[in-house]
1. Taking H placed 1.01 Å from N in the peptide plane, check which residues at least 5 places from Ile265 or on another chain put their amide H under 5 Å from its amide H.
2. Which residues' amide hydrogens lie under 5 Å from the amide hydrogen of Val275, considering only partners 5 or more residues apart or on another chain, with H built in the peptide plane?
3. Using only protein heavy atoms and a 1.4 Å probe, report how much of Trp93 is accessible, in Å² to the nearest 10.
4. Which value, in Å² and to the nearest 10, is the accessible area of Cys185 when all protein chains are kept and the probe is 1.4 Å?
5. Can you run phi through the Karplus equation (6.51, -1.76, 1.60; θ = phi - 60°) for the range 550-563 and list ³J(HN,Hα) in whole Hz, with x for Gly and Pro?
6. Taking a cut-off of 16 Å between Cα atoms, list the lysines near Lys637, but don't count ones fewer than 8 places away on the same chain.
7. Just subtract the alpha-carbon distance of Arg298 and Arg20 from 0.36 nm times their residue separation and send over the number in nm, one decimal.
8. Per-residue accessible area for Arg170 at 1.4 Å probe radius, Å² rounded to 10?
Amino acid sequence: MTSKLVLAVIDGCKPSMLRRAIDTGRAPALKAIEERGTNAEACVAAFPSVTPVCAASIATGTLQDVHHIPSMNWYSRREGRYVEYGSSFAASWKFGLGKQLTDTVYNMNGEHLNPKALTVFEALDDQDVRTAGTTYLMYRGRHEHKPSKEFALSRVAASTMFRKPILGPREFFYADLFASRQTGCFSQMGMPGVRDQHTGCVGTHLAEHDLFDFMLFSLPDNDAYSHKHGPHAQVQSIAAADRQLERLFHAFGGTEAYLDQHAVIVMADHSHAPVEATIDLAGAVSADWEVLRPSGARAADAEIAVCPASRSAMLYVLRPDAREDALPPLVRAARETDGVDLVMWLDADRRAVISGEGGELRFAPGDDVADARGRRWEVHGEPGGHPGGDRSPPHREPRLPRRAVPCVGRADVPHERGRAPERRAELGVPGLGRAVTHRGRQPRFAAPRRQRGSPALQRRERRRRAHRARAGRRLVDHRCRADGGCALRGSVASPLRMSAQSPTTPMHLRVRAGLRKPHNWLQLVRFAAVGASGYVVNLVTFAVLVHAADLDYRLAATGAFLVAVTNNFLWNRRWTFRARDGHRGGQAARFLTVSVLAFGFNLVILWLLVERMGMPEVPAQAVAIVAATPLSFVGNKLWSFAR
């Protein structure tokens, strides 16, 4: 057997928690590796210290001025849109879940990662080394892999969103979306808490069959566990990662046997710091600039893009001719925002600038100061100061320029092929680049959301108020009499808004009055159109799940229902009933309740048609949907979106 090298990456591993796990005996495999190897404590993460940037740096050995993966969230001038890699489910939903998945699975490696930045897989593939990799953001190699169809969910994914092949290492396993061979290892589509076990299962299979010389052994669950329980709870997740390493070593005869013949490198991509507060940076700058919305709506009116990435954020000026004028007030607005510690940008002389409470530093490649790896820098600034206030001056912090320059230098994010590089401002928060104690909790930049102070949203709110007034919903005259009585203005108040002593209008009179209003008929037409779209979505999804994914027809009907009900809720809320001013959660709960009741009725009809009458499954589903539609219509009209 040839010698092996395993590169194990524990996502978000905090050094102090790693030390505690080893010292308390929770990580025996890592302890054995440390005792027989070298601990390189001088390593430092790329900045911003988020997984896409750090993963690209690990895979290519370069920083973002070369590999062109700038952050977790950034703005693409070539496409004129935000790129979001999945910082949270809420952020993915705001920016578009489909786009986020496509960017993460396909575009990050195929379009965004600089083709001139050779990955470790590509370099070794070129040397005919047998490469392997488990679920890791950076996977680009020389071998083509088609979507996996080993499991039912894999077949669904391969027949819908993930149809294109990718280039990766020789043996490649990416959640359950791509697999170079069948192993029986199921990650539940990359579910947090299961991914480490999937890596251990795949790695053991590859080891037992001698299928690799180099393997990137990704252990990402520590990151998710730390986000959920806090970085000081990582001992539990590090111990779980250690068990998967031990599982791999056992395929070679045990930890000692593996270390006698083979090599392993264990590293983290970045660490974590406790966070208790958020900074609404978009809200801070929206008073003076129009911020590009996550959806991209009204992009022509947008002046800046705000891209948060946990403890840092980026601001893009979207109009090139306005950059020089916009930069000073943007820097000033950022500096005046509570929680922002450092602001970085590129000046007219192509020098990086870092501004903070302690002063301002400007630096560029030169001869004044040498960093830890021999690179030299020209530094200008306060001789005894540092932008961070109480931190060391630049000659005592030799890694600072190397970490900062790629963020704001000419090779900005990214080099869109054939286009001039762009420039942006970078923002930091307290604690950047230094250890943080448990008490020194840090603020983070919130994901972009609807900003109350933006002019566009103020205009939208005024339109909503005008619409409510026109609809006769403000019927109470607030000029009440001294005895407490209040007059009604307008026509007739809604029964729901009248006092408990008011008589309730009989249902048949309400129905008769409603039939005379053209607005209700228009609403009915819209509801029918939405229902038709949901009908098509349901049938198509059902057919795909039954025929392509080979699922049982009852399970397929459940999946089709979930997809269709989401489609119907969004369209009915936004278009049919124009009920966006109502509480979305309450509307969704009522809509789901009505839909579940209608779906139960649908299943009963479907079962009768298939099992008792022998009707084919797809036509039976079509009839069942038609039968359940009246129940759904009445419930949603009178309850889910009731005014």
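The values are calculated or read from the model by the stated rules, or taken from the named source; none is laboratory data. Keep in mind it's a predicted model, so treat the numbers as computed, not measured. Cβ atoms come from the backbone with ideal geometry, glycine included; neighbour counts cover every protein chain shown. The protein model used for the area step is the full one, side chains on, heavy atoms only, and it has no ligands, DNA or RNA in it. Shrake-Rupley method; radii C 1.70, N 1.55, O 1.52, S 1.80 Å.
1. For Ile265, the qualifying residues are Val6, Leu7, Ala8.
2. Residues meeting the amide H criterion: Gln442.
3. 140
4. Probe radius 1.4 Å; accessible area of Cys185 about 10 Å².
5. 6, 8, 4, 5, 6, 5, 5, 5, 5, x, 5, 4, 4, 5
6. Lys517
7. On the way: separation 278, 0.36 × 278 = 100.08 nm, distance 5.11 nm.
In short, 95.0 nm is gained.
8. Surface accessible to solvent at Arg170 totals approximately 80 Å².
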